[in-house]
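Everything below concerns the one structure shown next.
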Amino acid sequence: MKKDFILWLAASTVVMLALPWLAVIFVKGDAGMAVCLLLFFAVNPIYAVTIGIFAGKDVKHLWSQPVISAVLFLIGTWIFFDVEELAFILYAVVYLALGIVTMLISMIIRKKVRR
C-alpha cells in the first residue's frame, strides 16, 4: 500500500512538476506554447483519469492521490509560469474533478465485479 502511494506520488511529481519545468526550460517561443497546450489539454487530463482509475482500486489508501496531483499541478504552474494567473485554479479543479469522478467510478465497478 505504502509502495503504491510513493509510486503515484513520484509519478505525479514528474507529470505535474517536471514536465512544465522541461517545457519552460527547453522549448522556446511558439513551440513552447504548443507544448503547454499539449500538457494542459492532453497529458494532464489523461494523467488525472489514470490516477483516478488506480486510486479507485484502493480508495482507503490512495484517495488523496487525485488531490495531491491537482495541488502539484497548481504549484508547478505557479512556479514556472505566473502566480497571478488564476486560470490555473480552474485547470486544477477540472483535473481534481476528473480524478475523483474516475476514482469513484473505478471503485463502484470494482465492487460490482467482486459480487
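Computed from the coordinates by the stated procedures, all read-outs in this text should not be read as laboratory data. Note that this is a predicted model, so its numbers are computed, not measured. For neighbour counting, all protein chains shown are included, and Cβ atoms are generated from backbone atoms with ideal geometry for every residue, glycine included.
The set of residues from segment 75-93 being outside any helix (DSSP H, G or I) and within 20 Å of Val35 (Cβ to Cβ) comprises Phe81, Asp82, Glu85.
Every condition in (1) surrounded by 14 or more Cβ atoms within 10 Å (Cβ to Cβ); (2) closer than 30 Å to Arg114 by Cβ; (3) in contact (Cβ under 8 Å) with a residue 40 or more places away in the chain is met by Val24 except one, and the failing one is (2).
Of the candidates Leu72, Leu37, Leu96, the single residue that is over 22 Å from Trp8 (Cβ atoms), among the hydrophobic types (A, V, I, L, M, F, W, C) and in a helix (DSSP H, G or I) is Leu37.
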